[in-house]
Each structure stands twice: as structure tokens, then as C-alpha cells.
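A.B. asks: My questions will all concern the structure given below.
The values are calculated or read from the model by the stated rules, or taken from the named source; none is laboratory data. Given the structure is predicted, the values throughout are model-derived calculations rather than measurements. Using ideal geometry, Cβ is built from the backbone for each residue, glycine included, and neighbour counts are taken over all protein chains shown. To get the accessible areas, we keep the full protein, side chains included, count just its heavy atoms, and leave off ligands, DNA and RNA. Shrake-Rupley method; radii C 1.70, N 1.55, O 1.52, S 1.80 Å.
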Amino acid sequence: MGGCSKGFCVPDLSLKVCSILNSRLPADSAYPEVPVAEDDAVVCSLVAPAAGGEELAWCEIRRGGDASSATIRNLSSDAIIVDGRVIQQEVVDIKPGSEIVPGPQKEGHLAYTFDITAAKDHNENNVQIVLDIDNAKCSICLNLWHDVVTVAPCFHNFCNGCFSEWLRRSSSNSRDKSQSAACPQCRTAVQSVGRNHFLHNIEEAILKAFSSLQRSDEEIALLESYASVKSNIVLGNQKNQSRKRPLPRPSDESNDAELPCPQCGTEFAGFRCNPGAAHLQCNGCGGMMPARPSTSIQQKCLGCDGAFCGAYWYSQGVNSRHRGLICNPETFRMISQHHISRLPDTLHGGNPVEKDITERCIQQSGKTLQAVISEWIAKFDNKELDRSRLQLNNVDAVTSRTYLCNHCYNKFVDFLLYWFRVSTPRNLLPPDAASRDSCWYGFMCRTQHHRPDHARKLNHVCRPTRNIP
């Protein structure tokens with residue numbers, strides 16, 4: 001996104017203005033220069049939901065009354081977010097810097113920054129979209145997409161191989177073969193899936209700009225061997241299908257022999273499952289692992305009580321070459337083993353003003369984000385912090401050696417950075433933040449999420465004081 005330390009300028013996004021745009025994005029050492037040439041106002045997904053092959057439009061953007069404004073109208077069957085405001089079907093104004101999320105929440109969706117920049121070589125303007133690379137990763141393998149596919153109606157994106165294997169597992173586990181599989185990201189019933197050529201171009205361009213994200217030839221070969229989505233595919237029974245009806249999650253304890261784990265029938269690390277042994281289904285990849293509560297290997301996240309297989313299979317010396325897809329160990333590890341290089345999007349309740357202030361406070365401290373987090377983890381271990389705001393299960397049992405999934409770890413980071421901010425003396429805050437009064441409702445204020453002027457004017461990283469003597 002614009003202003004972030006790591007991002008990517010996205011070409012040909014179908015973010016189109018009604019007049020023809022034909023120029024280049026301004027040169028910037030952080031982003032590749034990308035030509036843009038578009039003349040349609042409607043932004044579409046390139047995944048066809050059915051044999052008719054029609055694109056799925058999710059919004060319409062048109063130029064406003066002056067050269068620096070535009071309007072956006074939601075065309076999808078779900079809500080979208082514009083500048084932190086949830087939009088249903090109404091038309092709202094946008095301006096350079098407006099953030100657009102093509103879904104009802106930020107998590108799991110791409111976030112775009114809208115801009116109209118002056119053309120260098122023509123009299124026209126052009127549209128610039130900047131994409132955070134962390135939003136261009138598959139939520140199954142946590143790597144940059146490879147041969148990306150998009151599922152409808154939720155528009156989440158995955159590697160072709162990762163989703164194909166997920167689909168195979170879901171199909172083999174379902175007794176009702178007409179039932180659609182659930183999206184691995186949000187559990188919405190998937191109605192169709194197709195290769196996304198637009199995002200595939202983004203994937204290739206990102207790899208050119210950031211070669212360190214390139215996977216090994218062995219990993220690519222494995223993914224391609226799993227890939228089964230060659231064209232647009234309609235899944236399940238489309239009649240009377242509720243768009244937001246998720247498949248029920250299976251119970252943690254299961255004897256289901258239709259989804260054997262790698263240790264069912266094969267011995268790894270001296271262990272082999274007995275017939276009828278209880279199993280856990282991973283919340284990350286959907287695969288199975290034996291339930292072994294007597295071992296020292298963690299299988300459940302203490303923050304959400306969900307099962308995750310990455311740490312277990314890593315300890316058993318099992319990887320995806322042995323049996324299908326399993327979670328990367330990075331998806332589930334001890335707090336002290338997690339590494340963080342960017343602030344979570346959910347920081348301070350998703351308030352971008354407070355997130356920016358916290359980022360500048362960390363920069364002014366001369367420390368890295370990881371160093372600040374490590375310092376506050378030590379305070380947490382020493383029980384120097386009030387844990388009442390920590391939105392995790394089993395908060396009193398959490399230590400730096402506790403295993404957390406990535407989602408719960410982000411909540412933990414949010415908690416630590418709240419205390420980092422409230423403990424920062426006013427004279428060490430950025431000048432524009434030091435002069436603000438605190439909102440009566442503090443972090444519980446709802447206005448901060450839909451009134452940018454209110455979010456900027458008052459401090460919301462504080463406790464509520466309204467009606468409190």
C-alpha cells in the first residue's frame with residue numbers, strides 16, 4: 001500500500017475510470033514502473049461462476065466532478081470496505097489515498113489504495129494501485145501464490161496445488177458428494193473456482209521485484225503435481241445454495257477413516273496409529289493427525305483451542321512429500337519463536353491513524369519491531385502487565401513458551417503494542433499525536449472506525465473514562 005515499507009504496484013487491476021487512461025506509474029525505487037491502460041469503469045473478478053463464463057463484478061469506479069475525486073459503487077452481493085466504512089450498495093466518494101477492501105472484513109482480502117497521478121507522457125491521468133505483498137500469499141502454505149486460483153463467491157485466493165489438495169481432502173471426507181467444499185480461509189461454501197490470470201501476472205511481477213520469494217524447483221514441482229484446476233469449475237449443487245452458509249467444522253476428536261493421517265498405516269518417528277485411534281483435524285490445512293495428549297508435542301493453540309498440525313509433523317520428520325499437504329511449522333510455534341517484521345492490520349482495532357503513530361514511535365526508538373516485541377514479552381513473562389485486555393483463551397497460562405497460531409499471535413502482538421503505546425511518555429510521541437486529548441470511550445470507541453476526522457483528532461489507545469469517576 002502507499003506509504004508502507006514493503007509493497008507492490010499492481011498493473012492492469014481492472015480498477016477502471018470511465019475515460020481512457022494510458023500512462024505510466026511514477027518511478028519509485030521501491031516499486032516497479034508499470035504501464036496502465038484501461039477504459040472501463042467496472043472492476044471484475046476473472047473467475048467465471050458457471051458455464052456462461054460471465055465475469056463477477058464487485059465494484060464500479062467513476063471519475064468525480066474534479067480531477068482529484070471519484071465515486072465507487074458496490075456491485076457484489078456482499079459488503080465491501082471503503083476507508084474503514086462498510087459499504088452495501090450505496091455510492092460513496094473516494095479520493096487519492098482511499099483504501100478499498102473487496103470484502104466485509106480486512107482479514108483474508110486484498111487491500112487496495114486508490115490514486116490518480118499526473119501523467120508524464122500524455123494529457124490523461126492514470127490509476128495506481130499498490131498491493132501489500134503479505135496479502136498476496138496463500139493462506140494454506142503461507143507462501144506467495146503459485147499458479148493462483150480464486151474461489152467464488154468470497155474471492156479468496158490460493159495456490160492451485162494447495163486448493164486442489166484441499167478440494168481432494170474435502171471431497172473424500174464428504175458423504176454428500178453434491179455438497180460444495182468450504183473455503184479454507186472463511187469456510188464459505190465454494191460455488192466455483194478458476195485460475196486467475198490477472199493475479200498470476202501480479203505473482204510473476206512480484207517475483208521479478210523480490211526474487212527471495214521464489215520457491216525451490218522441488219516445491220514448485222510438488223505443487224504442480226497436485227494442481228487440478230485447469231479451467232473454471234462449478235462445485236456442488238448450486239440450487240438454493242446460501243452464499244454464507246459454511247460447512248460445519250468437524251469435532252476435534254474423530255475416528256473418521258476416510259481422512260487418514262500420514263501415520264495411519266506408516267510408521268514415523270517410532271509411532272503408528274492403531275485402528276480406530278482418535279484424530280484431530282487441523283484448522284489450518286484440514287488434514288488429520290493422531291490425538292496424542294500424553295506427548296510433549298503441542299497440537300492445540302492455547303489461545304483459541306484449535307488444532308494445528310505444523311509443529312507435530314515437523315517433530316515427526318514428516319513433510320508434504322510423504323502424504324499430501326501439511327501445515328508449514330511457521331503457522332504454529334512458541335511465542336518466543338515467532339518473528340514479526342510488520343504491524344498487523346488489526347492493530348489498535350484496525351484504526352490506521354493509531355497504527356501509523358505506533359509505527360513512528362517504534363522508528364523513533366531506534367529499535368526494530370521484533371526488538372520492541374521481545375522487550376514487552378519479557379515484561380509479560382514477569383507479570384508486569386494487566387492481562388484483562390488480552391483477547392485469548394487461557395490468558396493466565398500464556399507465557400513466551402506457549403504455542404500460538406498466527407491469528408492468536410497477532411492478537412498477542414496487538415496487546416503488547418497497546419501497552420507499549422500507553423507507557424510511551426507524551427513528549428516521546430510524534431508532535432501531531434502528543435497534542436491530542438484522549439477519547440472518552442478509549443479503545444472501545446465505535447466512531448473511530450467510520451469517522452477519520454474523529455480518529456485523527458483524539459487518542460484511542462487508552463482506557464474508556466466515560467461515566468467512570
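A.B. asks: Quote to one decimal, in nm, the extra length available between ASP437 and ARG401 on full extension: 0.36 nm per residue of separation minus the C-alpha distance between them. Walk me through the numbers on the way to the answer.
C.D. replies: Numbers: separation 36, 0.36 × 36 = 12.96 nm, distance 3.79 nm.
Answer, rounded to one decimal: 9.2 nm.
A.B. asks: ARG169: accessible area at probe 1.4 Å, nearest 10 Å²?
C.D. replies: For ARG169, the solvent-accessible surface is approximately 30 Å².
A.B. asks: Keeping every protein chain present and rolling a 1.4 Å probe, give me the accessible area per residue for the stretch 331-424 in Å². Could you put the intermediate results ahead of the total?
C.D. replies: Working: 4260 Å² over 94 residues.
Result: 45 Å² of accessible area for each residue.
A.B. asks: At a Förster radius of 35 Å, what calculated FRET efficiency corresponds to the Cβ-Cβ distance of ILE340 and LYS230, to the nearest 0.05? Kindly include the intermediate steps, with their values, before the conclusion.
C.D. replies: Numbers: r = 38 Å, r/R0 = 1.08.
So the FRET efficiency works out to roughly 0.40.
A.B. asks: What distance in nm separates the simple spin-label points at SER212 and SER365, each placed 7 Å from Cα in the Cβ direction?
C.D. replies: Here the answer is 2.2 nm between the modelled labels.
A.B. asks: Take the alpha carbon gyration tensor of the stretch 334-410, find the square roots of its eigenvalues, order them as a ≥ b ≥ c, and report rounded if a/c is under 1.5; if not, report prolate when a/b exceeds b/c, else oblate. Intermediate results must be reported in sequence, preceding the final value.
C.D. replies: On the way: a/c = 1.67, a/b = 1.42, b/c = 1.18.
It is prolate, given that a/c is not under 1.5 and a/b is the larger ratio.
A.B. asks: Here's another thing I want to ask about it. According to a simple spin-label model (label point 7 Å from Cα along Cα-to-Cβ), what is the distance in nm between THR266 and SER423?
C.D. replies: 4.8
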